[in-house]
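One structure below.
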Amino acid sequence: MADSHDYIPPKVWSWDKPSGGTFSNINRPVAGPTHEKVLPVGRHPLQLYSQGTPNGVKVTILLEELLAAGYSGAEYDAWLIRIGEGEQFGSGFVEINPNSKIPALLDRSGPKPVRVFESGSILLYLAEKFGAFLPKDVAARAETLNWLFWQMGSAPYLGGGFGHFYAYAPTKIEYAIDRFAMEVKRQLDVLDRRLADSEYLAGDDYTIADIAVFPWYGGLVKGWQYGAAEFLSVQDYKNVQRWADMLFARPAVRRGRMVNRTNGELSGQLRERHDASDFDTATQDKVEGAPT
Ligand SMILES: N[C@@H](CCC(=O)N[C@@H](CS)C(=O)NCC(=O)O)C(=O)O
């Protein structure tokens with residue numbers, strides 16, 4: 001790879017070398033499946049195919065919140081799709097999400113299965129299906145969607161921009177890290193100013209906007225993302241810290257963060273979830289400790 005100062009782009013780009021860096025083995029410039037793979041189906045109407053990344057966790061937090069609020073129709077099977085191993089390129093997964101990214105949901109409760117992809121679309125679909133975590137009042141609903149779509153548009157600068165160049169790229173490029181650190185700090189300030197005036201993002205109520213933003217920006221200020229807490233001085237965003245602590249205190253948020261998780265403490269990883277009791281019996285510490 002040429003040094004970034006020497007690189008002159010060719011007339012036509014071609015994919016003739018690995019880019020290097022974390023996750024480069026799964027990156028490619030074409031879409032579509034790489035292999036045949038039928039997805040498993042469990043007994044619940046909602047089938048989730050995901051991994052416990054910030055985008056995946058948004059959906060499991062909402063499902064756990066719906067169940068905690070008494071919506072029993074939100075019972076779900078959560079199947080693990082290991083994106084580092086390219087399982088998002090299996091034919092069954094691509095049928096549900098042609099974009100080959102987790103999370104993807106199949107709702108089998110009606111006469112014809114409904115596929116839902118893009119985490120924001122899944123949150124909205126579930127909130128509308130159950131009539132929960134999305135205010136009915138026109139102004140409050142609009143404010144919820146404002147912050148939901150803000151998250152969907154902003155997080156790629158945090159993940160694909162800052163996170164990539166700060167933590168994953170094979171070389172540290174000052175220009176790129178400066179560019180995206182500045183943008184992420186601006187985004188944190190947007191949230192901090194909003195949360196100075198408002199308990200939750202959309203107002204007085206906890207909504208899908210909070211659920212969408214928390215795994216990314218709550219995770220960032222709590223030091224869970226990219227090891228960048230000190231670099232970004234996250235302690236300065238006091239209102240975001242207050243809000244993140246409030247969400248993290250919710251049992252459903254804690255449960256949602258465990259589902260499809262493949263890193264961290266084994267007792268915090270519930271790699272697949274098929275029943276509420278799995279949180280007590282099927283976390284990875286118990287799976288690995290079980291006599292064979
Ligand atoms: N905008 C999408 C982004 C989903 C996304 O980027 N998912 C990542 C994990 S957080 C993924 O599946 N990456 C695998 C890949 O890029 O091949 C959403 O919000 O659902």
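Bear in mind these aren't lab numbers, they're just calculated from the coordinates by the rules spelled out. Keep in mind that what you see is a predicted model, and the values were worked out from it rather than measured. Cβ: placed from backbone, ideal geometry, glycine included. Neighbour counts: every protein chain shown.
Points worth noting:
- Paramagnetic label reach from THR34 (point 7 Å along Cα→Cβ; backbone nitrogen cut-off under 13 Å): within the range 87-113, residues 87-91, 100-101.
- Stretchable slack from ASP137 to GLU118, in nm (0.36 nm times residue separation minus alpha-carbon distance): 4.3 nm
- Shape of the range 111-216, Cα gyration tensor, a/c cut at 1.5: oblate
- Taking the alpha carbon gyration tensor of the range 189-292, multiplying each eigenvalue by 5 and rooting it gives semi-axes of 31, 17, 9 Å, largest first.
- Of the three principal axes defined by the Cα atoms of the range 1-110, the extents in descending order read 60, 29, 21 Å.
- Centre separation in Å (Cα based) which lies between the range 245-292 and the range 4-37: 34 Å
- Volume per residue of the C-alpha convex hull in the chain, rounded to whole Å³: 163 Å³
- Tensor-based shape of the range 80-159 (alpha-carbon gyration tensor, a/c under 1.5 rounded, otherwise prolate or oblate): oblate
- Protection proxy ranking of 193-205, 118-130, by the mean of other Cβ atoms within 10 Å over each peptide's residues and highest first, is 118-130, 193-205.
- Lysine-lysine proximity count for the chain, Cα under 24 Å, sequence distance 8 or more or distinct chains: 18
- Charge dipole (debye, nearest 20) of the range 138-255; +1 at Cβ of Lys and Arg, -1 at Cβ of Asp and Glu: 300 debye
- The chain: DSSP helices with Cα axial extent of at least 27 Å and average Kyte-Doolittle hydropathy no lower than 0.0: 138-156
- Sequence-distant contacts, meaning Cα pairs under 8 Å at least 6 residues apart, place the relative contact order of the range 138-255 at 27 percent.
- Among THR34, THR53, the ranking by other beta carbons within 10 Å of each residue's beta carbon, starting with the fewest, stands as THR34, THR53.
- For the pair VAL41 and LEU266 in one chain, pulling the backbone fully straight at 0.36 nm per residue adds 78.5 nm over the alpha carbon distance.
- The packing ranking, built from the mean of other Cβ atoms within 10 Å per residue, places the peptides 79-89, 104-114 in the order 79-89, 104-114, highest first.
- Taken about its Cα centre, the chain carries a charge dipole of about 400 debye when Lys and Arg each add +1 at the Cβ and Asp and Glu each add -1 at the Cβ.
- Under the simplified labelling scheme, the ASP275-THR171 pair shows an inter-label distance of 5.5 nm, with each label point 7 Å from Cα along Cα→Cβ.
- Distance between the modelled labels on ASP197 and ASP16, one decimal in nanometres: 5.5 nm (7 Å Cα→Cβ projection).
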